[in-house]
Structures are given as structure tokens and as C-alpha cells.
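K.L.:
Submitted below is the structure of interest, expressed as C-alpha cells.
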Amino acid sequence: MQRLLNKPADYVDEMLQGIYAAHSSEVKCINDDLRCLVTTHKTPGKVGIATGGGSGHLPLFLGYVGKGLLDGCCVGGVFQSPSSDQMLEVTKEIDSGAGVLYIYGNYTGDILNFDMASEMADFEGIEVRQLLGTDDVASAPKSLEEKRRGVAGIFYVYKVAGAAADAMLPLEEVERLAKKASKNVKTIGVALTPCTIPEVGKPNFEIADGMMEIGMGIHGEPGISKSPLKTADEIVNEMMTNILQDDTYEKGTQVSVLINGLGATPKEELYIVYRRVAQVLMEKGISIFNSYVGEFATSMEMAGVSISLCKLDDELKKYISMPCETPFFSQAQL
Amino acid sequence: MEKLLLEDCKRFIIKASALMDKNKWFLIDLDSKMGDGDLGLTMSLGFGKAKDFTLAFEDPEIEDIGLFFYQVGKTINKAVPSTMGTLIASAFIRAGKELKGKTELLTPDFAAFCKAFASGIMDRGKAKPGERTIVDVLYPAYEAALKASEENASLDIAITKTYEASLEGLEATKNMVPTTGKAFYHQEKCVGVQDQGATVGMLIFKAWNEL
């Protein structure tokens, strides 16, 4: 894979400099730390929502900082956790007096650092609650749900929490709604090619030509099955079976669908995948309330896709429908 | 000594730093056998920064011991973001929270310090006693401090008993099998040798003992 970069070691910081330059009216960094990004629109008395994680997954994580979504984000090196100090700085900057909710993926480094930041914030007088994304059904069995990895489905948690905070709900309510969304979202992915960390220069795992791996994580964590590449419809059938058996989806259930490109897969193919997803859901009597198709949580230049279903009730529909606007993602009122 | 004031807590940090420096190569040596060999460097550096912070620390109007330990924790966290560095920082931050607002420590407060210090590491590191880690010194030390507190012992006796328990805890690690940390990958080399993390724990209580 040929890249557009200068020195590999400067990859993340130069990316951030470009983002601040391109979107200076919407986002800024804290003091001189490029890796602590916050919205320029601060609302007094609103619950602050923070996220964080490694670089290499745009628009995840910092792409969701903006109106109606998140207030701040700290990023680390490619696939590396940021520091607890950086998360603390973001927390202090976005605190508007109504407390802060952290929403981030279930990864050891992030948990260590963000948990630490929450203790420090607590000492310094800011109430912080935390919520982990655990939507990847392939990463652990149903009985060990809390061990599952967080992947693209975290978008739904951001959306609901961001809208609830925008509606000026208190911290307990924002947390309750975000938790409900998190419980209701299920994701599974398939990888067709591996990805590379710029400073390393070569992939640190393999997917042979003509093969695919279902359930691979967004850092190349092993999946649940390696097999020869099948047709799009066959792959979707297999992935949808995994998702639909993971929760109760009675006839008449409404869902939101998210088809996420992992970085190198053309949008054309995302829509071929969506076509079959919609057919499967129709066959099961499940109706689609709304859909998102595009790149929501990539993995550098990995080819592949993930499918997320978010089971909806009236409350979740209300908050998913609310408008939001960031430099990377916008939605008008549905 | 009847009680600990902020002044004593500052001397404790300076003493701990001196002990980490004195034992730097011993810790590196232990850590090289069954880790990545940097423990002596990170503890010496981390506690060194804590000492610098302490020496520059201007006593505020209210000599809040908890706030002091919290800031020591933050200093160590920033200086040495390695696993052990983060765990020791967590211990001080937790202890700081427990003692927030206190301007003097009596025996029960010292026991509270020991409890918070141990639980800060147990919670963050997800380790329990018996897994051949620093917890195997910190937890018995806390139990000894608690016992001293329940027996209304003086602070001097409580600190000495705690230090003795830490020595016993360290000795006991010689026969434990590691289940976590880098040592987990070097199990055969651990038999009969004291755990390096537990050694750091003992040195911390040695610092209190040598005040």
C-alpha cells in the first residue's frame, strides 16, 4: 500500500494539524496538545461527552466532536491509547457544570487510562460516568457480553448520548439512554485485506489472497472464521445470522442499520451489502427505521465491512432522529 | 511520633525516592530476569520526580495531606506512564482521595492510607493477593496496619508492624507463581526469587519506617 505522508513518525500530528486548519471554526486543541480535541461550541449547563482512543480509525473518534454529538476527544498514536492526563485535560475543558460522560471502546489500554482520568477528575470536583462500547458479537460469546470489543456500533451510543445531552437532560438520563443504545446495538465485521501502521510499514497479520476473515477486529484482532472469499450475499447471510441470533428480534421490531466501510472498500460495495441486509430483514419481518452507509469506524486501509443493527424503541428513535453536525458527519432532523 | 503531619509525608516521599535510587540496580537486575528490565529505572525516575515536586511544594494555608498525595500521584503518572508507574500513581491518587482534607494522620488514618494504597493498585491492576505481585506486600501491610489500629497502637508501632508485614509478604512471593504482568511469561525463573514489584512495595513501607 503506497501512502501519502512525510515522515511516518509525524503521521498523526500532521493529520491533526490538517484537521485543525480545515475545520478551525468547529474544533480546536487544548493549549498546545494537538491530541486533545474539543468543540468550539460550548453550552453552559450541558452534560459534556468525551471519547478517546487510537488514531487510524477516522471518523472514529474525533470525527464525532461537534453539535449534537460529542464535546471532546483525545487520540493516541495509530492504534495506541492516549494518556490519562490527556483525557483529564479534555474532561476539564468540556465540563460545563453538569458532569461528563465518557464513551469509548472496550480496550485494555483505554480502560486503564480513562478510568484513571475519571478518578482524577472526581478528585478535582467533576462528576464522571463511563460507558464502554461492547457491540462486536464475534469477539466474545453472549454469556461474556461485557468482554466484547467496541467497534462501529459505538456510533449509536454517541448519537443517542449526544442528542440527549443537547436536549439538556441531566447526567443520569444521558447515561441511561446511552446504556440502552449500547445494549441494543450488535455488530459483526468481515475483513478482506489487512492494514498497516505507518511507522511499522508492513501488516502485522495476514489475510491471504482469495480469503476473508469474519469477526476480525479493527486492529486486526483474530476473528471467528477464516474462509475463501464468498459472494457478497453469502457473506451477508452468514453475518446476519450471527447478529440476529444474538438478541430477540420479533416480527415488527424496528431497527436502524449501519453499514460501515473499514477503509479500503468502495462505497459501491457497501450498497451491495446493504441491499442484501435489507432483504434479510424484510424476510424476518423486521422493519428499518433509518440507515447509515459509509465510513464510520475504519481501520487504516483495511478492506472489508461491518454491519450494525440497533434495535429501537420510541425513546431511541427520538434521539437518533435529532440533528447533529460535525466536520465529519451531519444529519438533519429525521 | 504521635501523628503524621504534611511535613512528615513530604519526608516520606523524599525517603522513598532515596530508597528507590539506592536499590535501582537491584530492581533492574530482578526485573531483567523475569520482565523487561526497566523497573529500577521507572521507580527511580518516578519517585525522583515526586521528590522534586515535594521539594518545590509550597505549603498551602490548609496543609491538606490528601491533596499532597494526589498531586504526588499525578506527578508519577506523568513521569512514568509504564504499567508499574501507572499503578503506583493510582495508589497515591486513591490514597489522596481517602485522606482529602486531613491535616494530620493518626493510626486509623495510616491504616486508611494503606488500604487505599492497596486498593488503588488492586482495582486498576485487577490483581488479588497470591498472584505474585506488589499486592502481596501491600495487602498484608494493610492488614497489619488495620490490626494495629484496632488495638489502639501508637503510630510508631503501627508503622513498624506494617513494615514487618511487608517484609514477610515479600519473602512469601518467593514461592508464588506469577499469573499476571511480564513475569507471567517467565514462570520457571521465578521460583525461589522475590518478586520485583513486591520489592518496590516493601521499599515504600521501609520509607515510612525510616522516617
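The values are calculated or read from the model by the stated rules, or taken from the named source; none is laboratory data. This one's a predicted model, so the numbers in the text were calculated from it and none came from an experiment. Neighbour counts run over all protein chains shown; Cβ positions are idealised from the backbone, glycine included. Quick note on the areas: whole protein, heavy atoms, side chains included, nothing else; ligands and nucleic acids left out. Shrake-Rupley method; radii C 1.70, N 1.55, O 1.52, S 1.80 Å.
K.L.:
How many residues are out of contact with any Gly (no Cβ under 6 Å at 6 or more places or on another chain), within 14 Å of chain B (Cβ to nearest Cβ) and not in a strand (DSSP E or B) when one looks only at region A:65-109?
P.N.:
Residues flagged as out of contact with any Gly (no Cβ under 6 Å at 6 or more places or on another chain), within 14 Å of chain B (Cβ to nearest Cβ) and not in a strand (DSSP E or B) within region A:65-109 amount to 10.
K.L.:
Right, next: Within the bounds of region A:305-312, is there any residue that is open to solvent by less than 30 Å² (accessible area, probe 1.4 Å) and free of Cβ contacts under 8 Å to residues at least 40 places away in the same chain?
P.N.:
Within region A:305-312, none of the residues are open to solvent by less than 30 Å² (accessible area, probe 1.4 Å) and free of Cβ contacts under 8 Å to residues at least 40 places away in the same chain.
K.L.:
Output the number of residues of region A:257-277 satisfying the condition of being open to solvent by 30 Å² or more (accessible area, probe 1.4 Å) and either in a loop (DSSP other than H, G, I, E, B) or among the aliphatic types (A, V, I, L, M) (or both).
P.N.:
Residues meeting the conditions: 3.
K.L.:
If I filter region A:129-142 for residues that are in a helix (DSSP H, G or I), surrounded by fewer than 24 Cβ atoms within 10 Å (Cβ to Cβ) and either away from chain B (no Cβ under 14 Å) or in contact (Cβ under 8 Å) with a residue 12 or more places away in the chain (or both), do I get at least one hit?
P.N.:
yes
K.L.:
Return the residue satisfying two criteria in turn: it lies in region A:241-256 and is over 20 Å from A:Ile154 (Cβ atoms), out of contact with any Leu (no Cβ under 6 Å at 6 or more places or on another chain) and not in a loop (DSSP other than H, G, I, E, B), and of such residues it is least open to solvent (accessible area, probe 1.4 Å).
P.N.:
Here the residue is A:Leu244.
K.L.:
Would you tally the residues in region B:65-116 being part of a loop (DSSP other than H, G, I, E, B), within 30 Å of B:Asp31 (Cβ to Cβ) and touching a Leu at 6+ places or on another chain (Cβ under 8 Å)?
P.N.:
Residues flagged as part of a loop (DSSP other than H, G, I, E, B), within 30 Å of B:Asp31 (Cβ to Cβ) and touching a Leu at 6+ places or on another chain (Cβ under 8 Å) within region B:65-116 amount to 1.
K.L.:
Condition first: touching a residue at least 12 places away in the same chain (Cβ under 8 Å) and either exposed (fewer than 14 other Cβ atoms within 10 Å of the Cβ) or of a type in the set (D, E, K, R) (or both). Now tell me which residues in region A:29-60 satisfy that.
P.N.:
Listed by number, the residues that qualify are A:Asn31, A:Asp33, A:Arg35, A:Thr40, A:Lys42, A:Pro44, A:Gly45, A:Lys46.
K.L.:
Being out of contact with any Phe, Trp or Tyr (no Cβ under 7 Å at 6 or more places or on another chain) and in contact (Cβ under 8 Å) with a residue 12 or more places away in the chain is the filter here; which residues of region B:72-84 pass it?
P.N.:
Passing the criteria: B:Lys74, B:Asn77, B:Lys78, B:Ala79, B:Val80, B:Ser82, B:Thr83, B:Met84.
K.L.:
Any residue in region B:135-158 that is within 14 Å of chain A (Cβ to nearest Cβ), in contact (Cβ under 8 Å) with a residue 40 or more places away in the chain and not acidic (Asp, Glu)?
P.N.:
Going through region B:135-158, the residues within 14 Å of chain A (Cβ to nearest Cβ) turn out to be none.
Looking for residues that are within 14 Å of chain A (Cβ to nearest Cβ), in contact (Cβ under 8 Å) with a residue 40 or more places away in the chain and not acidic (Asp, Glu), one finds none in region B:135-158, hence no.
K.L.:
Please enumerate the residues belonging to region B:103-129 that are surrounded by fewer than 19 Cβ atoms within 10 Å (Cβ to Cβ) and not acidic (Asp, Glu).
P.N.:
B:Thr103, B:Leu106, B:Pro108, B:Lys126, B:Lys128, B:Pro129
K.L.:
Now a separate question. May I ask you to verify whether B:Asp31 is surrounded by fewer than 20 Cβ atoms within 10 Å (Cβ to Cβ) and charged (D, E, K, R)?
P.N.:
no
K.L.:
Limited to region A:292-334, what total is found for residues that are assigned to a loop (DSSP other than H, G, I, E, B), of a type in the set (Asp, Glu), under 23 Å from A:Leu270 (Cβ atoms) and more than 15 Å from the chain's Cα centre (by Cα)?
P.N.:
Here is the first cut: in region A:292-334, the residues assigned to a loop (DSSP other than H, G, I, E, B) are A:295-301, A:312-313, A:322-323, A:326-329, A:332-334.
Right, trim to of a type in the set (Asp, Glu) and you get A:295, A:301, A:313.
Narrowing the set further to residues that are under 23 Å from A:Leu270 (Cβ atoms) leaves A:295, A:301.
Next, only the ones that are more than 15 Å from the chain's Cα centre (by Cα) stay: A:301.
Counting residues in region A:292-334 that are assigned to a loop (DSSP other than H, G, I, E, B), of a type in the set (Asp, Glu), under 23 Å from A:Leu270 (Cβ atoms) and more than 15 Å from the chain's Cα centre (by Cα) gives 1.
K.L.:
In region A:183-207, how many are in contact (Cβ under 8 Å) with a residue 60 or more places away in the chain and either surrounded by 17 or more Cβ atoms within 10 Å (Cβ to Cβ) or touching a strand residue (DSSP E or B) at 6+ places or on another chain (Cβ under 9 Å) (or both)?
P.N.:
The total comes to 16.
K.L.:
Wholly within region A:164-240, which strands (runs of 3 or more DSSP E) include no fewer than the required count, namely at least 1 residues that are within 22 Å of A:Ala138 (Cβ to Cβ) and among the basic types (Lys, Arg)?
P.N.:
Qualifying strands (runs of 3 or more DSSP E): A:185-193, A:225-228.
K.L.:
Quick one: is B:Ala144 open to solvent by 10 Å² or more (accessible area, probe 1.4 Å) and either in a loop (DSSP other than H, G, I, E, B) or within 18 Å of B:Ala112 (Cα to Cα) (or both)?
P.N.:
yes
K.L.:
Test A:Glu145 against the criterion of being more than 14 Å from chain B (Cβ to nearest Cβ) and either in contact with a Cys (Cβ under 8 Å, 6 or more places away or on another chain) or surrounded by fewer than 23 Cβ atoms within 10 Å (Cβ to Cβ) (or both), and give yes or no. Step through it out loud before you land on a result.
P.N.:
Numbers: more than 14 Å from chain B (Cβ to nearest Cβ): yes; either in contact with a Cys (Cβ under 8 Å, 6 or more places away or on another chain) or surrounded by fewer than 23 Cβ atoms within 10 Å (Cβ to Cβ) (or both): yes.
Yes; evaluated as a whole, the condition is true for this residue.
K.L.:
Considering only region B:13-28, how many residues are closer than 18 Å to B:Ala79 by Cα, of a type outside the set (A, V, I, L, M) and either open to solvent by less than 10 Å² (accessible area, probe 1.4 Å) or in a loop (DSSP other than H, G, I, E, B) (or both)?
P.N.:
Total meeting the criteria: 1.
K.L.:
Also, I was wondering about something else. Does A:Asp115 meet the test of being in contact (Cβ under 8 Å) with a residue 12 or more places away in the chain, open to solvent by 10 Å² or more (accessible area, probe 1.4 Å) and within 14 Å of another protein chain (Cβ to nearest Cβ)?
P.N.:
Judged against the criteria, A:Asp115 is a match.
K.L.:
Sticking with this one: Do any residues in region B:175-199 that are farther than 18 Å from B:Asp29 by Cβ have Cβ atoms under 6 Å from those of residues that are at pLDDT below 80 and surrounded by 15 or more Cβ atoms within 10 Å (Cβ to Cβ), where the two are at least six apart or on different chains, and which pairs are they?
P.N.:
These pairs meet every condition: B:Phe184/B:Pro178.
K.L.:
Could you list all residues from region A:17-28 that are surrounded by 14 or more Cβ atoms within 10 Å (Cβ to Cβ) and either of a type in the set (Ser, Thr, Tyr) or closer than 18 Å to A:Leu60 by Cβ (or both)?
P.N.:
A:Ile19, A:Tyr20, A:His23, A:Glu26, A:Val27
K.L.:
Tell me which of these B:Ile157 doesn't satisfy, since it passes every other one: (1) within 22 Å of B:Gly66 (Cα to Cα); (2) touching a Ser or Thr at 6+ places or on another chain (Cβ under 9 Å); (3) hydrophobic (A, V, I, L, M, F, W, C); (4) open to solvent by 30 Å² or more (accessible area, probe 1.4 Å).
P.N.:
For B:Ile157, the failing item is (1).
K.L.:
Among B:Glu61, B:Glu98, which is within 14 Å of chain A (Cβ to nearest Cβ) and open to solvent by 60 Å² or more (accessible area, probe 1.4 Å)?
P.N.:
Numbers: B:Glu61 fails: within 14 Å of chain A (Cβ to nearest Cβ).
Sole residue among the options that is within 14 Å of chain A (Cβ to nearest Cβ) and open to solvent by 60 Å² or more (accessible area, probe 1.4 Å): B:Glu98.
K.L.:
With the requirement that a residue be in contact with a strand residue (DSSP E or B) (Cβ under 6 Å, 6 or more places away or on another chain), within 23 Å of A:Gly56 (Cβ to Cβ) and of a type in the set (Gly, Ala, Ser), what does region A:208-226 give you?
P.N.:
Passing the criteria: only A:Gly223.
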